[in-house]
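Notes follow the structure.
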Amino acid sequence: MDVLNDLMGGFATALTWQNLLFAFIGCLLGTMIGVLPGIGPVAGVALLIPLTLNMDATGSIIMLCAIFYGTTYGGTITSVLLNTPGEAASAVTTFDGYAMTKLGRAGAALTIAAVGSFVGGTIATVGLVAAAKPLGELGLLIGPPEFFALVTVGITLLVALAGRSIVRALISGSLGLLIAMVGIDPVAGAPRFTFGSERLLDGVSFVAVIVGVFGLSEILAYRAGKTPDAIHAPNLRSLLPNRTEWRRSAPAMARGTGIGFGLGLIPGMTGSVSSLLSYGAERKFSRYRSELGHGAVEGVAGPETANNAHANGALIPLFTLGIPASPTIAVLMGAFLQQGLTPGPTLFAENSEIAWAIIASLFIGNVLLIILNVPLVGLWTSILKVPYPILAALILLFMVIGAYTIHFTVFDVFVMIAFGVLGLAMRHLDIPLAPMVLTLVLGPLLERSLRESLEISQGSFEVFYTRPITATLLVIALVIVCSPLLKLRKPKVLADDDPES
């Protein structure tokens, strides 16, 4: 009953006209950003953080969460209509979504995707409500050594985010740690790596860094010459799926919800993995598996449901343990810290009202998304008719204004430009950007908990292997780090085994 009372209190806060407006604006902006190919949730949330810096903490996080799941759905629109995924997690939707468009069922595909997103997101939020209290109370038992081990698990996600080269991921992660060390020593209180500059005493602006690395570098990397496909927005009548499409979608949505929610709980997993596995499940379990790839509605319903279930499920480790499960969640965690909120064990103890208001807003946001995205498909597709150079100029203007308003200083604009150039160089060198964000957020937490743990134990490292929770978490981190070695055990196919030889 206590959980229900807390949730009802959260709804009372989230349903105020101000917070409803913030959720609506977040869904609107998020969908708009998601429609633009190549930007995606990470850059979308990063670009719009400056809008929320002068807002109260509750409204700020409600708006950013709405932007987060708004971008998750926005990429679906271009996947279905243009065969161009707005972000990686929507790529699987192109297989059958665009095929449905060619069959004249684009509106039905978009409606099924919106309903699936609503179902997956809502059920995942129910899971967050159920898990928040017990995991939050368990988290209160965590001291500095346990917190150090938790953050270590988060840092080891570099392995999951490594892409093709763990060396490049380590380079990216090391850059994030170096940037995080600039400013005031968290324990001794002395300046370090400031090079005598008073502007660096508070550290390098997190917002300026991520806006530059993700947003500006994306614009700088743009290559002209791509001719967009013709856009034909579906009319209102064609938006409604028929009975057969509804009936076939239901089992796919159920499977997608389970896959997305389960994988969302695992740090390092991305929405694209959930979408791909959901599509694989349909290939194995769907009664109409032979139609997949040729306009089967299951190929849209399953992955889209999994995508949004994953997005909301990934918030559970953030809210309860303070571990960002993906690069986008890491950016969102940075926004929490900017507002003076520390996600994790103490969130429900120290800021319970804000935490439950944010959770309640997730239910509201899912309703707003389905109201927005079905009737306004024509509006979203019209954005794609604007030439990219004009869109890029508008986005660049917004980034400069946003960077300046962080501290109302031109210094932050130069920081953004510098990290934009760095981000461009990293893209050309195929160095992943996600590990930098992860270590930039988790680095200060890792250092503080490590040094506090050593102070408690008077410099002895026994504190890390004599406490059961700490030892268990460190073993998990070790397993994650060693997991790439399993690839070496894959059997090699010898030339003599070739049946044609």
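Across the range 19-61, the number of residues qualifying as open to solvent by less than 10 Å² (accessible area, probe 1.4 Å) and farther than 24 Å from LEU438 by Cβ comes to 5. The condition of being modelled with pLDDT of 80 or more and either out of contact with any Phe, Trp or Tyr (no Cβ under 6 Å at 6 or more places or on another chain) or at negative phi (or both) holds for only one of ILE61, ILE49, ILE77, ILE33, that being ILE61. Restricting the range 420-446 to residues that are crowded, with 20+ Cβ neighbours inside 10 Å and touching a Lys or Arg at 6+ places or on another chain (Cβ under 8 Å), the residue that is nearest to VAL42 (Cα to Cα) is LEU433.
Here's the yes/no breakdown for (1) hydrophobic (A, V, I, L, M, F, W, C); (2) under 17 Å from the mean Cα position of the chain (by Cα):
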position: GLY293; (1), (2): no, no
position: VAL297; (1), (2): yes, no
position: VAL300; (1), (2): yes, no
position: PRO324; (1), (2): no, yes
position: VAL331; (1), (2): yes, yes
position: LEU337; (1), (2): yes, yes
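Among the residues that make up the range 324-337, is at least one of them modelled with pLDDT under 80, open to solvent by 10 Å² or more (accessible area, probe 1.4 Å) and part of a loop (DSSP other than H, G, I, E, B)? Yes, the conditions are met somewhere in the range 324-337. When the range 112-125 is filtered for residues that are under 10 Å from VAL300 (Cβ atoms) and either of a type outside the set (Gly, Ala, Ser) or without any contact (Cβ under 8 Å) to a residue 40 or more places away in the chain (or both), only ILE112 remains. Here is the figure for the range 340-350: residues that are open to solvent by less than 40 Å² (accessible area, probe 1.4 Å) and at negative phi total 5. Do we have any residue at all in the range 178-191 that's within 14 Å of GLY420 (Cβ to Cβ), part of a loop (DSSP other than H, G, I, E, B), at pLDDT 80 or above and of a type in the set (Val, Ile, Thr)? No: the range 178-191 contains no residue that is within 14 Å of GLY420 (Cβ to Cβ), part of a loop (DSSP other than H, G, I, E, B), at pLDDT 80 or above and of a type in the set (Val, Ile, Thr). Here the condition is being at pLDDT 80 or above and over 28 Å from the mean Cα position of the chain (by Cα); of GLU447, GLU462, it holds for GLU462 alone.
This table checks each residue for (1) more than 20 Å from LEU445 (Cβ to Cβ); (2) under 23 Å from the mean Cα position of the chain (by Cα); (3) open to solvent by 20 Å² or more (accessible area, probe 1.4 Å).
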| residue | (1), (2), (3) |
| --- | --- |
| GLY173 | no, yes, no |
| GLY176 | no, yes, no |
| MET181 | no, no, yes |
| ILE184 | no, no, yes |
| THR194 | yes, no, no |
| GLY203 | no, no, no |
| PHE206 | no, yes, yes |
| VAL209 | no, yes, no |
| GLY215 | yes, yes, no |
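The values are calculated or read from the model by the stated rules, or taken from the named source; none is laboratory data. It should be emphasised that the depicted structure is a prediction, and the values quoted were computed from it without experimental measurement. When we count neighbours, we look across all protein chains shown, and the Cβ atoms used for this are built from the backbone with ideal geometry, even at glycine. For the accessible areas, the whole protein counts, side chains as well, though only heavy atoms, and no ligand, DNA or RNA atoms are used. Shrake-Rupley method; radii C 1.70, N 1.55, O 1.52, S 1.80 Å.
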